[in-house]
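The values are calculated or read from the model by the stated rules, or taken from the named source; none is laboratory data. Just so it is clear, the structure is predicted and the values come from calculations on it, not from any experiment. A quick note on method: Cβ atoms are made from the backbone with ideal geometry, for glycine too, and the neighbour counts reach across all protein chains shown.
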Amino acid sequence: MPTSLQLHRINTTYPTTTSAAASATTGSDINCNKNSQTSIWRVHPSISVPDDANHYHTHAVGPNQCCSTVVQTIAAPVAAVWSVVRRFDNPQAYKHFLKSCHVIVGDGNVGTLREVHVISGLPAESSTERLEILDDERHVISFSVVGGDHRLNNYRSVTTLHQSPTGSETVVVESYVVDVPPGNTKDETCVFVDTIVRCNLQSLAQIAQNLAKSNCKSS
């Protein structure tokens, strides 16, 4: 069964003040905060996220940051997808822009630090990342970038897995917030990061589907 992927960049920012200049807006490109104050960003209502998971995709967005959401439907059960996603020590299993990963602090629980090295051809060499959330019950994982040689400063990603309405598929929702690098626009930054996330989730879909098929044959 083919997978489906959606890119949701029609999102809403909710300002933290009530001034007229910071009034809430909605539009075709409101994936980033466009005023001079920090805003609260939430997933667009068109994305079906369970109520108990919505707060994971709520981000505080500064004036020089952008944010977006990528949604991937995978023809595999949540357990199969989660078994791949939860491996903070092995992101290169489905993130093919990474060539290696080494845990430098921790044992895989929240607070663990990893150093990943990026394949050649990208504007980065390495990234140091901290595990912020790992919830095996709710299927939530989040990490933040805390160092390295790259241009994605203050990057934070949250990924949640949800059973599809049909019950036979998994819906993966990944949202992020990141600083806009000097010399780039918010749109340029979001297009670049969206592309990376989209490729990662498409790869995840193939791996999880193959794993689910293998599990079915062995059972």
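Within the range 164-179, residues that are under 19 Å from Q209 (Cα atoms) sit with their Cβ atoms under 6 Å from residues that are modelled with pLDDT under 95 and of a type in the set (S, T, N, Q), at 6+ positions apart or across chains, in these pairs: V171/S164.
Scan the range 113-124 and give yes if some residue there is touching a strand residue (DSSP E or B) at 6+ places or on another chain (Cβ under 7 Å), polar (S, T, N, Q) and on the phi < 0 side of the Ramachandran plot, otherwise no. No: zero hits. When the range 68-84 is filtered for residues that are in contact with a strand residue (DSSP E or B) (Cβ under 6 Å, 6 or more places away or on another chain) and either modelled with pLDDT under 95 or closer than 27 Å to T189 by Cβ (or both), the ones remaining, listed by number, are T69, V70, V71, Q72, T73, I74.
Within the range 79-97, if we keep just the residues that are of a type in the set (A, V, I, L, M) and surrounded by 20 or more Cβ atoms within 10 Å (Cβ to Cβ), the residue that is nearest to F143 (Cα to Cα) turns out to be V85. State whether one or more residues within the range 160-180 are closer than 30 Å to D52 by Cβ, polar (S, T, N, Q), buried (at least 16 other Cβ atoms within 10 Å of the Cβ) and more than 17 Å from the chain's Cα centre (by Cα). No, the range 160-180 has no match at all.
Filter the range 55-76 for residues that are touching a helix residue (DSSP H, G or I) at 6+ places or on another chain (Cβ under 6 Å) and either surrounded by fewer than 21 Cβ atoms within 10 Å (Cβ to Cβ) or of a type outside the set (S, T, N, Q) (or both) and give the result. Correct list: C66, V70, I74, A75, A76.
Kindly establish whether S126 is surrounded by fewer than 17 Cβ atoms within 10 Å (Cβ to Cβ), of a type in the set (G, A, S) and under 21 Å from Y94 (Cα atoms). In short, yes. Taking the range 181-202 as the range and being polar (S, T, N, Q) and either in a loop (DSSP other than H, G, I, E, B) or surrounded by fewer than 20 Cβ atoms within 10 Å (Cβ to Cβ) (or both) as the test, the residues that pass are N184, T185, T195, Q202.
Being within 30 Å of D136 (Cα to Cα) and touching a His at 6+ places or on another chain (Cβ under 9 Å) is the filter here; which residues of the range 110-126 pass it?
Matches in the range 110-126: R114, E115, V116, H117, V118, I119, S126.
For the range 25-54, residues that are in contact with a Phe, Trp or Tyr (Cβ under 8 Å, 6 or more places away or on another chain) and either surrounded by fewer than 12 Cβ atoms within 10 Å (Cβ to Cβ) or modelled with pLDDT of 50 or more (or both) total 4.
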